[in-house]
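Just below is one structure, and these are the notes that go with it.
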Amino acid sequence: SVSPDAFVADVELWIEQLDLAPAVVVGQSFGGLIALLLAATRPELVLALVVVEASPAADPRAPETVRRWLESWPVPFASRNDALTFFGDDTSWSRAWAGGLEERDDGLWPSFEQEVLLAALSEASGRGWWDEWSRIRCPVLVVGGERGALRGETQRMVAVLPAARVVEVEGAGHDLHLEQPLRWRETLEGFLGAVSR
């Protein structure tokens, strides 16, 4: 299944199997939605929550935006260097995306199935998750990029969950952990230090 509930169940299983509860759960983009749903539905598993470039708001345009981007990829890539060039040369962002490709007989392909990814995104982004967001009781950090997808959403997120702390990372977009890794690390470490006190 590609439902958000199925992804949450996977995270629950790993936290329980590895005896990690309560855990600090960090999720970016689609993973941020899954993290917030876990915190809402299984609060005993979550010590603190970090939501990065994710929101409880519906975004029905997201699957088509992602589909267009994925269809622009000239797959198969002939080499890792070709992939790096396509994704933007030798940056953390391009290395991460090129690193997610798998080698097949005819070249490098995405290591995920595009239709499965898009189906999961459609299922998750087709509705809002504000009721779940309002039920979260652990410490929450919301991190967005200056050019990211959260512009305008953070005010509503804090209005619904006033205890949430919000940080905007300057000079970053949706993949802020790749675009501004030092600032991301400082932000995360600051929050974790406050949670552990």
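The values are calculated or read from the model by the stated rules, or taken from the named source; none is laboratory data. On a predicted model such as this, the values are computed, not experimentally measured, just so you know. Cβ atoms come from the backbone with ideal geometry, glycine included; neighbour counts cover every protein chain shown. Areas reflect the complete protein model, heavy atoms only, side chains present, ligands, DNA and RNA absent. Shrake-Rupley method; radii C 1.70, N 1.55, O 1.52, S 1.80 Å.
Results, tabulated for the structure shown:
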{"quantity": "The stretch 70-168, accessible area per residue, ligands and nucleic acids excluded (1.4 Å, Å²)", "calculated": "58"}
{"quantity": "Per residue Cα convex hull volume in Å³ - calculated over the stretch 137-189", "calculated": "69"}
{"quantity": "Antiparallel DSSP beta bridges within the chain, as percent of all bridges there, nearest 5", "calculated": "25"}
{"quantity": "About the Cα centre, charge dipole magnitude for the chain (Lys/Arg +1, Asp/Glu -1 at Cβ), debye", "calculated": "780"}
{"quantity": "Percent RCO, i.e. relative contact order, over the chain, from Cα pairs under 8 Å lying at least 6 residues apart", "calculated": "23"}
{"quantity": "Cα→Cβ-extended label distance, 7 Å offset, between R151 and S72, nm", "calculated": "1.7"}
{"quantity": "Taking N as its residue count, the alpha carbon Rg of the stretch 76-190 over 2.2 N^0.38 Å", "calculated": "1.33"}
{"quantity": "Selection from P63, W133, V75 lying farthest towards where the dipole of the stretch 55-197 points positive, charges on Cβ", "calculated": "W133"}
{"quantity": "Column: log10 I(q)/I(0), Debye, Cα scatterers of the stretch 60-140, q = 0.15, 0.19 Å⁻¹", "calculated": "-0.68, -0.87"}
{"quantity": "Convex hull per residue volume in Å³, alpha carbons only, for the chain", "calculated": "128"}
{"quantity": "Environment charge at A172 (Cβ cut-off 11 Å; Lys +1, Arg +1, Asp -1, Glu -1)", "calculated": "-4"}
{"quantity": "Accessible area of the chain belonging to carbon and sulfur atoms, whole % at 1.4 Å probe", "calculated": "52"}
{"quantity": "Value of Rg to Rh for the stretch 17-70 (Rh from inverse mean 1/r over Cα pairs, i.e. Kirkwood)", "calculated": "1.10"}
